[in-house]
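The values are calculated or read from the model by the stated rules, or taken from the named source; none is laboratory data. Note that the structure is a prediction, hence the values are computed from the model and not measured. Glycine also receives a Cβ, built like all others from the backbone with ideal geometry; neighbour counts cover every protein chain displayed.
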Amino acid sequence: MENKYQPLTEALFYILLAVRRPIHGYGIIQEAAEMTGGRVNLGPGTLYGAINSLLERGWIALYSAELGSRKKKEYVITEAGREAFSAELRRLRELVQNGEKMEDET
Amino acid sequence: MIRWKFTFDKDEEQDWLNDWCQQGWAMTGFFLGVVTFVPCRPGEYIYQIDLLPGKGIFAKNYEDYVIFMNEMDVEILQRWGRWVYLRKRAEDGPFEVYTDTASKVEMYRRIRGMFLWAFCLVFLCSFSAWNLLFHYPGDMFSRGLVGIYIVILTVMLRAIWQCSWKIKELERQDR
């Protein structure tokens, strides 16, 4: 089942994590930077491309886009997005578990 | 102030704009290689150039891009086909449009695709000049025309090669 998904880039991983609740673009950048102590800094072009790609895949959806209002667009994860994120988490857990063998055996 | 700049390398042009800004000149517009500047505080802005997704010279969802960039406090100074000139105040922190390998590679692929499209278009247009040269081999006009086409096509090929090289370098560093 895991093979259904390609490993996520760090940008996609943190965007999916940030949209677990409705959030606008700037909020995603701030949250990714906060979670990683400033290591993952998403450029606006990187975020714009990633958001469009996730919208196309149906992994995130537009939460609010009030036409004519000044409210910023907000995005939220979908069921398909949660499934993809869980698959990635399982892959990463397996990676860490196997990686720890190195420390256990030395 | 007005300066002339003609290059097919967006990184070179971006560095050039940022150098001028460091010297107290902020770019405000671009038209056919003519770049206009106004005085600013040295290093007041950070400039970036981007190529929008789309086909040929037509950008896809430009309005969405504008709204998105404005939300990020990024100013869109000028649009030229699919090319956009962006800037942000340096006091707001570092500004780089693309921050990871995947999105940088994607951008250079877009640029390469655009140049490839332009190369094919110019190549097709050059047929009439080749035809002219074939019928009037000694004619200076047809020789000159073919010469101009060869220069343009070579410059475009160089731009395509440069993008391929940058993609290869980014992928090698990411390995």
Query - Residue, surrounded by the most Cβ atoms within 10 Å (Cβ to Cβ), within the stretch B:154-171, restricted to residues that are within 19 Å of B:Ala102 (Cα to Cα) and either touching an Asp or Glu at 6+ places or on another chain (Cβ under 7 Å) or polar (S, T, N, Q) (or both) - result: B:Gln162
Report task. For residues that are within 13 Å of chain A (Cβ to nearest Cβ), surrounded by fewer than 20 Cβ atoms within 10 Å (Cβ to Cβ) and within 21 Å of B:Arg112 (Cα to Cα), tally how many sit in the stretch B:60-82. Result -> 3
Report task. Tell me which residues, restricted to the stretch B:85-116, are assigned to a strand (DSSP E or B), more than 10 Å from every other protein chain (Cβ to nearest Cβ) and surrounded by 15 or more Cβ atoms within 10 Å (Cβ to Cβ). Result -> B:Tyr85, B:Arg87
Report task. From the list A:Gly49, A:Gly25, pick out the single residue that is touching a Lys or Arg at 6+ places or on another chain (Cβ under 8 Å) and within 12 Å of chain B (Cβ to nearest Cβ). Result -> A:Gly25
Query raised in the report: Residue check, B:Val151 against (1) at pLDDT 90 or above; (2) in contact with a strand residue (DSSP E or B) (Cβ under 7 Å, 6 or more places away or on another chain); (3) surrounded by fewer than 17 Cβ atoms within 10 Å (Cβ to Cβ), all met but one. Which one?
Result: (2)
Requested in this report: List the number of the failed condition for A:Gly43; all other conditions in (1) free of Cβ contacts under 8 Å to residues at least 60 places away in the same chain; (2) more than 13 Å from the chain's Cα centre (by Cα); (3) more than 7 Å from chain B (Cβ to nearest Cβ) hold.
Outcome: (3)
Query raised in the report: If you go through the stretch B:132-143, how many residues are loosely packed, with under 12 Cβ neighbours inside 10 Å and part of a helix (DSSP H, G or I)?
Result: 4
Query raised in the report: Considering the stretch A:15-28 alone, what residues qualify as being in a helix (DSSP H, G or I) and either within 18 Å of A:Ser64 (Cα to Cα) or touching a His at 6+ places or on another chain (Cβ under 8 Å) (or both)?
Result: A:Ile15, A:Leu16, A:Ala18, A:Gly25, A:Tyr26, A:Gly27, A:Ile28
Report task. Considering only the stretch B:9-32, state which residues are under 26 Å from B:Lys104 (Cβ atoms) and in contact with a Phe, Trp or Tyr (Cβ under 7 Å, 6 or more places away or on another chain). Result -> B:Gln14, B:Leu17, B:Asn18, B:Trp20, B:Cys21, B:Ala26, B:Met27, B:Phe30
Query - Only listed residue being of a type in the set (Phe, Trp, Tyr) and under 19 Å from B:Met156 (Cα atoms), chosen from B:Phe134, B:Phe119, B:Phe95 - result: B:Phe119
Query - Residues located in the stretch B:14-37, provided they are modelled with pLDDT of 90 or more and not in a strand (DSSP E or B) - result: B:Gln14, B:Asp15, B:Trp16, B:Leu17, B:Asn18, B:Asp19, B:Trp20, B:Cys21, B:Gln22, B:Gln23, B:Gly24
Report summary line: Among B:Gly33, B:Gly54, the single one that is under 30 Å from B:Trp161 (Cα atoms) and more than 14 Å from the chain's Cα centre (by Cα) is B:Gly54
**Report entry** Subset of the stretch A:28-39 (residues that are surrounded by 15 or more Cβ atoms within 10 Å (Cβ to Cβ) and touching a residue at least 12 places away in the same chain (Cβ under 8 Å))
**Finding:** A:Ile28, A:Ile29, A:Glu31, A:Ala32
Query raised in the report: Could you say whether any residue in the stretch B:42-56 is touching a residue at least 40 places away in the same chain (Cβ under 8 Å), among the β-branched types (Val, Ile, Thr), within 14 Å of another protein chain (Cβ to nearest Cβ) and part of a strand (DSSP E or B)?
Result: yes
Query raised in the report: Under 8 Å by Cβ, and 6 or more places apart or on different chains, what pairs join a residue from the stretch A:70-97 that is within 14 Å of chain B (Cβ to nearest Cβ) with one that is surrounded by 13 or more Cβ atoms within 10 Å (Cβ to Cβ) and among the charged types (D, E, K, R)?
Result: A:Lys72/B:Glu71; A:Lys73/B:Glu71
Report summary line: The residue from A:Leu42, A:Leu12, A:Leu95 that alone is assigned to a helix (DSSP H, G or I) and crowded, with 16+ Cβ neighbours inside 10 Å is A:Leu12
